[in-house]
Amino acid sequence: ELPGFYYDSEKNRYFRLLPGHNNFNPLTKESLQYQAMECKRLRLLEEEEKQMKKTTRAGLNSSMLFQKRQLGLFSPTSYCRLVHELKVNCMQRRKIEIHSPDSSVAGTNNFKIIVVYVACERIFTVNNVEHGGCKYGIINLTGLGKESLAVEMHDNLYFTNRKVNSVCWASLTHPDSHLCLMGIAETPGCASLLPASLFSSTNPGDRPGMLCSFKISTAWSCAWCLNPQADNCFSTGLTRRVLVTNVVTGHRQIFGTSSDVLAQQFATQTPTLYNGCRSGEVFSIDVRQRSRKGQSWKATRLFHDSAVTSLRLLNAEYYLMAADMAGKIKLWDLRTAKCVKQYKGHHNEYAILPLHVNEEEGLVTAVGQDCYTRIWSLQDARLLRTIPSPHPASKDAIPSVVFSSRLGGSRGVPGLLMAVKQDLYHFSY
């Protein structure tokens, strides 16, 4: 590279690189990088439309898999995993039509977060509104099974003035009956537990109010506990502390930390809470303990080189997956406190981005800050597919995704849901 110049591969010559403050001819390094990224995105979209996508494993096709399964060369688990891997490479994008009881609401605000209900029958959505804050809604996914893709969206117009940092489903009166919301109302943060029935289309007079809402310092993360030994509890990751609240009794436990807690997840077999910090530390807490002097209450301790943005505990609870702001995704063995796998290709520099693990399908999904959705094999960490965003990359256009083999319930359709800008897309098998 020549100082002050850049090389244009198409024209096969050098051009002078101008400083960024030049408004008459703003030819900068950043604009050139953006143009190169946009050309790559358009090329990948064109390849996907032409179905030029090839499988990541040589010779992997459905007939070969079936023949080897018949010969007993594959176990049922390996066969199902490879079938899902094959189908992921064949997914095609289709736009979903969103219907709402209030026709003026549907499709007018940008999606920020979508979180799936455990049974995958519906998703909770957080939308940015033009005048600031966020608007919440629930989308029923039953319409995905039809030929014409259409879903119903129910909005709640009572909560529109908060910027949401984190959200999770909560099981209080029945599975996934409520929602935990962490957000910034004004100067202090705000934690709220809302009944999901607030978003139903019944008479507004019959709707219950918030179960609990309280002011806190800046909230970064939240998690709901499904273990009976810590029943009706949810955790809030705050600035330099962790707050565990029992929503029925109002009892609170405070654990002081040396860094902001950006990611959390409860174990289901034990009353243990895993926390990921801005310092790169990952530690666990047994929420039954009373004495919390010093840092002695920290059990398992793991360390990343950058801020940990997402945690996912695998079903057997021997392994924990963590993603950080350096773009690294690591699988940790909690018994030995060692990293056993790394999933390469993820892009992140400063954003808090979620990580999705589907053990049944053997897949790991993450959206990078470059707006590409990447899918890896959980077993061998191979990158299976990179999906470009339908919209040009920008800070406010990072897609939010959900993957499941039964979107819409037990008889639902498999595939990937992608929310970006004002649009919702379905990548079907």
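Might you check whether a residue that is under 19 Å from the mean Cα position of the chain (by Cα), crowded, with 21+ Cβ neighbours inside 10 Å, of a type outside the set (Gly, Ala, Ser) and closer than 18 Å to ALA351 by Cβ occurs anywhere in the stretch 254-262?
Looking through the stretch 254-262, at least one residue is under 19 Å from the mean Cα position of the chain (by Cα), crowded, with 21+ Cβ neighbours inside 10 Å, of a type outside the set (Gly, Ala, Ser) and closer than 18 Å to ALA351 by Cβ.
When the residues of the stretch 409-429 are filtered to those that are in contact with a strand residue (DSSP E or B) (Cβ under 8 Å, 6 or more places away or on another chain) and over 23 Å from ARG41 (Cβ atoms), which remaining residue is most open to solvent (accessible area, probe 1.4 Å)? Show your work before the answer.
Step one: list which residues in the stretch 409-429 are in contact with a strand residue (DSSP E or B) (Cβ under 8 Å, 6 or more places away or on another chain), which gives 412-429.
In the following step, the residues that additionally are over 23 Å from ARG41 (Cβ atoms) were identified as 412-414, 429.
Values: GLY412: 23, VAL413: 35, PRO414: 38, TYR429: 73 Å².
Among them, the one singled out is TYR429.
Checking the condition among the aliphatic types (A, V, I, L, M), within 22 Å of ALA263 (Cα to Cα) and modelled with pLDDT of 75 or more, which residue from ALA196, ALA191 passes? Spell out the reasoning first.
Values: ALA196 fails: within 22 Å of ALA263 (Cα to Cα).
Unique residue meeting the criteria: ALA191.
Does the stretch 66-103 hold any residues that are more than 19 Å from GLU47 (Cβ to Cβ), without any contact (Cβ under 8 Å) to a residue 40 or more places away in the chain, of a type in the set (A, V, I, L, M) and surrounded by 14 or more Cβ atoms within 10 Å (Cβ to Cβ), and which are they?
LEU82, VAL83
Conditions (1) under 25 Å from GLY145 (Cα atoms); (2) out of contact with any helix residue (DSSP H, G or I) (no Cβ under 7 Å at 6 or more places or on another chain); (3) assigned by the TED database to the domain that holds ILE96, marked per residue:
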| position | (1), (2), (3) |
| --- | --- |
| ILE387 | yes, yes, yes |
| ASP396 | no, yes, yes |
| SER400 | yes, yes, yes |
| LEU407 | yes, no, yes |
| VAL420 | yes, no, yes |
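Go through (1) modelled with pLDDT under 90; (2) touching a strand residue (DSSP E or B) at 6+ places or on another chain (Cβ under 7 Å) for VAL402 and report which single condition fails.
The number of the failed condition is (1).
Mind listing whichever residues of the stretch 315-331 are within 19 Å of ASP286 (Cα to Cα) and open to solvent by 20 Å² or more (accessible area, probe 1.4 Å)?
Once the filter is applied, which keeps residues that are within 19 Å of ASP286 (Cα to Cα) and open to solvent by 20 Å² or more (accessible area, probe 1.4 Å), the stretch 315-331 yields ASN315, ALA316, GLU317, TYR318, TYR319.
Looking at the stretch 300-337, which of the residues that are of a type in the set (Ser, Thr, Tyr) and assigned to a strand (DSSP E or B) is farthest from PRO399 (Cα to Cα)?
Ranking the candidates gives THR300 first.
State whether one or more residues within the stretch 338-346 are open to solvent by 40 Å² or more (accessible area, probe 1.4 Å), assigned to a strand (DSSP E or B), without any contact (Cβ under 8 Å) to a residue 40 or more places away in the chain and of a type in the set (D, E, K, R).
yes
Take the stretch 282-293 and flag every residue that is open to solvent by 10 Å² or more (accessible area, probe 1.4 Å) and either part of a strand (DSSP E or B) or at pLDDT 95 or above (or both).
Once the filter is applied, which keeps residues that are open to solvent by 10 Å² or more (accessible area, probe 1.4 Å) and either part of a strand (DSSP E or B) or at pLDDT 95 or above (or both), the stretch 282-293 yields only ASP286.
Quick check: anything in the stretch 210-225 surrounded by fewer than 21 Cβ atoms within 10 Å (Cβ to Cβ), touching a Phe, Trp or Tyr at 6+ places or on another chain (Cβ under 9 Å) and in contact (Cβ under 8 Å) with a residue 24 or more places away in the chain? Can you show your working first?
Taking the stretch 210-225 first, the residues surrounded by fewer than 21 Cβ atoms within 10 Å (Cβ to Cβ) are 210-218.
Those left that are additionally touching a Phe, Trp or Tyr at 6+ places or on another chain (Cβ under 9 Å): 210.
If we keep only those that are in contact (Cβ under 8 Å) with a residue 24 or more places away in the chain too, we end up with none.
No - not one qualifying residue is present in the stretch 210-225.
The values are calculated or read from the model by the stated rules, or taken from the named source; none is laboratory data. Predicted model, so just to flag it, every value in this text is computed and none were measured. Heads up, the Cβs are rebuilt from the backbone with ideal geometry, glycines too, and the neighbour counts pull from every protein chain shown. We work out accessible area using only protein heavy atoms, side chains counted, and drop any ligands, DNA or RNA first. Shrake-Rupley method; radii C 1.70, N 1.55, O 1.52, S 1.80 Å.
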